1. Residue by residue through segment 25-38, note down the ones that are out of contact with any Lys or Arg (no Cβ under 8 Å at 6 or more places or on another chain) and either in contact (Cβ under 8 Å) with a residue 24 or more places away in the chain or more than 27 Å from LYS5 (Cα to Cα) (or both).
2. Restricting attention to segment 66-82, does a residue exist that is of a type outside the set (Lys, Arg), without any contact (Cβ under 8 Å) to a residue 12 or more places away in the chain and more than 30 Å from PHE104 (Cβ to Cβ)?
3. Is it true that ASN95 is assigned to a helix (DSSP H, G or I), more than 30 Å from GLN138 (Cα to Cα), among the polar types (S, T, N, Q) and free of Cβ contacts under 8 Å to residues at least 40 places away in the same chain?
Amino acid sequence: MSSTKTVSSLVHSEQTLADNLPTAMPDAVFLVGTERLTSVQVAAGYKQHISNEAQLLAVRAQLRILTTAIKAERKLMAATTLVVRATAVTNLGQNSTGFASLGFEPRTPKKATPAVKVEAIAKGAATREARHTTGPKQKAKIHGTVPEPTPAPSPVTPSNVTK
């Protein structure tokens, strides 16, 4: 059972009590807590409670309507702010005083956390290892060496040939 039905049935039963209690039990006195209440006072309490419940339901209905309306308005304003910001960046510059006067702050790049940096270094090292590459400092240390020219073989002449 929903709370609206529960409140509705409660209000209905209280309305019946408020209407019929003073006539059904006109001389009755009720001890509520430490107070003694007549049937007219109890009926007045019920009527006050019914009135408050009706006001609460009306306010809740208004709140639902306003909540629905404000959600659409917030979406529109968020989209408008994005467009205004982009236009201000283009026309005024991100670091200008005019841009700041509109309440915008320049975007700052995210700073990498130490964990992200460690992971990036490890990935870079793994990639270099997998590709068998070196960094600029290691490349600078590598120098090619030209091999010594080997003497050309001497031509075979009949005088060099031994018999």
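The values are calculated or read from the model by the stated rules, or taken from the named source; none is laboratory data. These figures come from a predicted structure and were not determined experimentally. When we count neighbours, we look across all protein chains shown, and the Cβ atoms used for this are built from the backbone with ideal geometry, even at glycine.
1. Residues satisfying the conditions are MET25, PRO26, ASP27, ALA28, LEU31, GLY33, THR34, GLU35, ARG36, LEU37, THR38.
2. Of all residues in segment 66-82, those of a type outside the set (Lys, Arg) come to 66-70, 72-73, 76-82.
Subset that is without any contact (Cβ under 8 Å) to a residue 12 or more places away in the chain: 66-70, 72-73, 76-82.
So of that shortlist, the ones also more than 30 Å from PHE104 (Cβ to Cβ) come out as none.
No, segment 66-82 has no match at all.
3. Judged against the criteria, ASN95 is not a match.
Yes/no per residue for (1) surrounded by fewer than 11 Cβ atoms within 10 Å (Cβ to Cβ); (2) at pLDDT 90 or above; (3) in a helix (DSSP H, G or I):
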| residue | (1), (2), (3) |
| --- | --- |
| TYR46 | no, yes, yes |
| ALA58 | yes, yes, yes |
| ALA61 | yes, yes, yes |
| ALA72 | yes, yes, yes |
| LEU82 | yes, yes, yes |
| PRO106 | no, no, no |
